[in-house]
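Written below as structure tokens is the structure these notes are about.
The values are calculated or read from the model by the stated rules, or taken from the named source; none is laboratory data. Everything quoted here is computed from the prediction, not taken from an experiment. Here the Cβ is made from the backbone with ideal geometry for all residues, glycine too, and neighbour counts use every protein chain on show. Areas reflect the complete protein model, heavy atoms only, side chains present, ligands, DNA and RNA absent. Shrake-Rupley method; radii C 1.70, N 1.55, O 1.52, S 1.80 Å.
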Amino acid sequence: RLAKESPRKIPIPPGHTAQSLEVALRDLAEILGQQWVKFNDVPLIDGDYHAVPLSHDSYHILDPDDLVPSAVCWPADTEDVVKTVKWANKWKVPIWPISVGRNLGYGGSAPRVRGSLVLDLGRRMDRILSVDTENAVCLIEPGVQYVTLYEHLQEIGVGNDLWVDVPDLPGGSVMGNALERGVGYTPYGDHWAHHIGLEVVTPTGEVIRTGMGSMEGSECWQLFPYGYGPHQDGIFSQSNYGIVTKMGMELLPNPGGVRVFMAAFPRREDLYQAIEIIRPLMIKKIIGNVPMFRLGLQDASLYKTRDDFELDERGIVKPDSLKKVIEELKTGEWVFYAVVYGPDEITQAKYEYVKKQLGQINGTKFYQREDVPPEHYLHNYAHYTTGIPTWRELDRMKWVPNASHMFFAPVSANSGQDAERQSNMCKKRMEEYGFNCLDTFFIGTRAMHHVISFMYNRKDAEERTRALACIRALIDDCAKLGIGEYRTHLALQDQVAKTYNWNDGAIMKFNEKIKDALDPNGILQPGRSGIWPKEYRGKGFEL
Ligand code: FAD
């Protein structure tokens, strides 16, 4: 359809006019097939998690028409991706690959530069290429979702033996999430750490395989990650250095038993002592998964909306009202969800040990599945920790009307002092801006992702502006103390990148050198993670 006939004007990327873009996109349609290229002239409808639009960020924090592509294309295979990359270099059109586009809370399917072409890899490149049941690994394409991988393992009869680490919601891409360094709940909860081998199309259209995949005839691509010489994989996560077309993933062998439990702590101050107790349990691997330490209010948001509580004039839940709900739901000011794995004799002993340690905190209550009603989140948690997809986390997306959220996700040491400092600081700042602080610590071996669900009404422009201002203030607050985020929304990537500033920002200078060497025309995801190609640098694109 011609731009002038369009119901919505097609966003034009830098350096183009409507006419030049149309000529370029018609050329792409010739290359990929007419039905595989579509102009983004559709109304911006937010949809929901199950129907995420490719037209814009459905959880928009800026104006919905700010971070929008000019068009979307659907490559069928690596060869099509190469052709599209070469096309982008020829016409100098910025491109933005997505695997599934459910990066909700971090920008959804949207590109950073208005008018980019979105490559929706997942729609046609969605094959599970192999499952090696003996070695517990698989090779996948971008469109493989957690739920489809889970179902595939069931279908081929190995679902009980090999588990997929699922995050909160299973409709995301196994590859897209790992590239973002997302997290789940089993011992394989650090998704990037459990990928093994990549196939990548570079910004100039070469195809490489990393690790053992770089050797003709090797059968160890999904078994040994490094190969020989420098290990390149790291530069392809959270970056704009390549388009990943295949990825190996480790599957978790069934550990032969599981004991899931929850500990509820009565006081906010218990955070300090609890994390101090949990640290050695993690580092010694007594707790075997990525457990979570969640604020009682955050837990309650799975069952209640904000309006179910008594609020003060800023919209903050009153402490007495929270107390009543905590009693009603039988949770705590903080709740700790964790799991120990292995045969019964082992899990029984480990559970008793963990209980003894955490039981040092006065008033701590312990629950297993048999102690809680059927609607209790602990049952969903039991699914997550055994690799079974659940959609339960969508329940919290009713907290406010038209609820969207951004994640504010700083990293904390596994230390009571750090956790308490971060949690109190974030609560104070968020309440000042009129937001309830809903935080969870996802606990790794030595550090935690402190993930705050920043809920706002996306149809209320004032609330969006306030939410953005608040997160910006939080990023600065944290940076002053040397606290950095592990991942952030598109609109905040420049700010967060600047906080990684040791030695006069040496890391960004290094990133820019790599960018300029690999992507001389600056076509691939300009601005991702704050890395701008030279044509864009210092020209007002930063947010
Ligand atoms: P995509 O949107 O496809 O991609 C993510 C990013 O990677 C994009 O920037 C994209 O440009 C880039 N990318 C994707 N594929 C490629 C490729 N092939 N080559 C190069 N670059 C690529 N996240 C978690 O990690 N853990 C959670 O527990 C979690 N819980 C959530 C709960 C709720 C209620 C919501 C709304 C979101 C949650 N998220 C969570 C965030 C998000 O939904 C997931 O991380 C999701 O998996 C990311 O979307 P995706 O997999 O579709 O990736």
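Tabulated values for the structure
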| quantity | calculated |
| --- | --- |
| Any hit, the range 435-457, residues being surrounded by fewer than 20 Cβ atoms within 10 Å (Cβ to Cβ), assigned to a helix (DSSP H, G or I) and touching a residue at least 60 places away in the same chain (Cβ under 8 Å) | no |
| Near pairs, Cβ below 9 angstrom, 6+ apart or cross-chain, from the range 129-156 (under 22 Å from Thr390 (Cα atoms)) to any residue that is part of a helix (DSSP H, G or I) and away from the ligand (no atom under 16 Å from the Cβ) | Cys138/His152; Cys138/Leu153; Val144/His152 |
| Given (1) open to solvent by 20 Å² or more (accessible area, probe 1.4 Å); (2) away from the ligand (no atom under 11 Å from the Cβ); (3) modelled with pLDDT under 95, number of the condition Val52 does not satisfy | (2) |
| Among residues of the range 193-237, those that are open to solvent by less than 30 Å² (accessible area, probe 1.4 Å) and in a loop (DSSP other than H, G, I, E, B), counted | 8 |
| Where a residue in the range 270-293 is surrounded by 18 or more Cβ atoms within 10 Å (Cβ to Cβ) and its partner, wherever it lies, is outside any helix (DSSP H, G or I) and of a type in the set (Asp, Glu), with Cβ under 8 Å and at least six apart | Asp270/Glu333; Val290/Asp190 |
| Scan of the range 444-474 for residues that are of a type in the set (Val, Ile, Thr) and out of contact with any Phe, Trp or Tyr (no Cβ under 8 Å at 6 or more places or on another chain), ordered by number | Thr445, Thr465 |
| Residues of the range 1-44 satisfying the condition of being at pLDDT below 90 and open to solvent by 60 Å² or more (accessible area, probe 1.4 Å) | Arg1, Lys4, Glu5, Pro7, Lys9, Pro43 |
| Any hit, the range 231-248, residues being over 30 Å from Leu119 (Cβ atoms) and either modelled with pLDDT under 95 or within 24 Å of the chain's Cα centre (by Cα) (or both) | no |
| Hits in the range 141-167 - residues which are away from the ligand (no atom under 13 Å from the Cβ), open to solvent by 10 Å² or more (accessible area, probe 1.4 Å) and assigned to a helix (DSSP H, G or I) | Tyr150, Glu151, His152, Gln154, Glu155 |
